[in-house]
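**Student:** My questions all concern the structure below.
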Amino acid sequence: MDGRALKRVWRSGEELSLGAWVALTDPLATRLLCDAGYEWLMIDAEHRPFDAETLRTLIATMRCRGVLPWYRVRPMTRPSSSKLLTSVQKESQCP
C-alpha cells in the first residue's frame, strides 16, 4: 500500500488499516512492528529525539519490509526542516 491508497482507505471509512506509532529510536523495535503485520507506522520525531540518520534507518527498514512509513518532525525553521526532510527522503532507500 502506498500513501495515496492509504489516504483513500481513510477517507472512505469503509476499510480498516492497521498502523502503529514508533517512539523508540532502536531499529529493532521498528523491525518487530514491521514483522507484526502493520500496514503503516508513524515515527513520532516531534516528541522523541530522532536525528536524520535514525529516521533514514527506520524508514529504510519499513520500506524494505513493505510497511508504509509516516513521520512527524519537530517544528523548526523552514530551511532546517526542509533540509532534514530532503535528506531523509533521498537516503532512506531499500538496499
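The numbers here are math on the coordinates, done by the rules we state, and not lab data. Quick caveat, the model's predicted, so the values are computed rather than measured. All Cβ positions, even for glycine, are placed from backbone atoms using ideal geometry, and neighbour counts span all protein chains on display.
**Student:** Return the long-range amide H neighbours of ALA45 (sequence gap of 5 or more, or a different chain), with a cut-off of under 5 Å between placed amide H atoms.
**Tutor:** For ALA45, whose amide H was placed from the backbone, the distant partners under 5 Å are ARG72.
**Student:** Give me the distance in nm between label points sitting 7 Å out from Cα along the Cα-to-Cβ direction at GLU15 and ALA36, one decimal.
**Tutor:** 2.2
**Student:** For LEU24 paired with HIS47, estimate the spin-label separation in nm (one decimal), with each label point 7 Å from Cα along the Cα-to-Cβ line.
**Tutor:** Between LEU24 and HIS47, the simple spin-label model gives 1.7 nm.
**Student:** What does the charge add up to near THR30, with Lys and Arg as +1, Asp and Glu as -1, over the other residues with Cβ less than 13 Å from its Cβ?
**Tutor:** +2
**Student:** Could I ask something else about it? Among VAL67, VAL9, which comes first, then next, by fewest other beta-carbon atoms within 10 Å?
**Tutor:** With the fewest neighbours first, VAL67, VAL9 line up as VAL9, VAL67.
**Student:** In which sequence would LEU41, LEU24, LEU16 go, from the one with the fewest C-beta neighbours within 10 Å to the one with the most?
**Tutor:** So the ranking, lowest neighbour count to highest, is LEU16, LEU24, LEU41.
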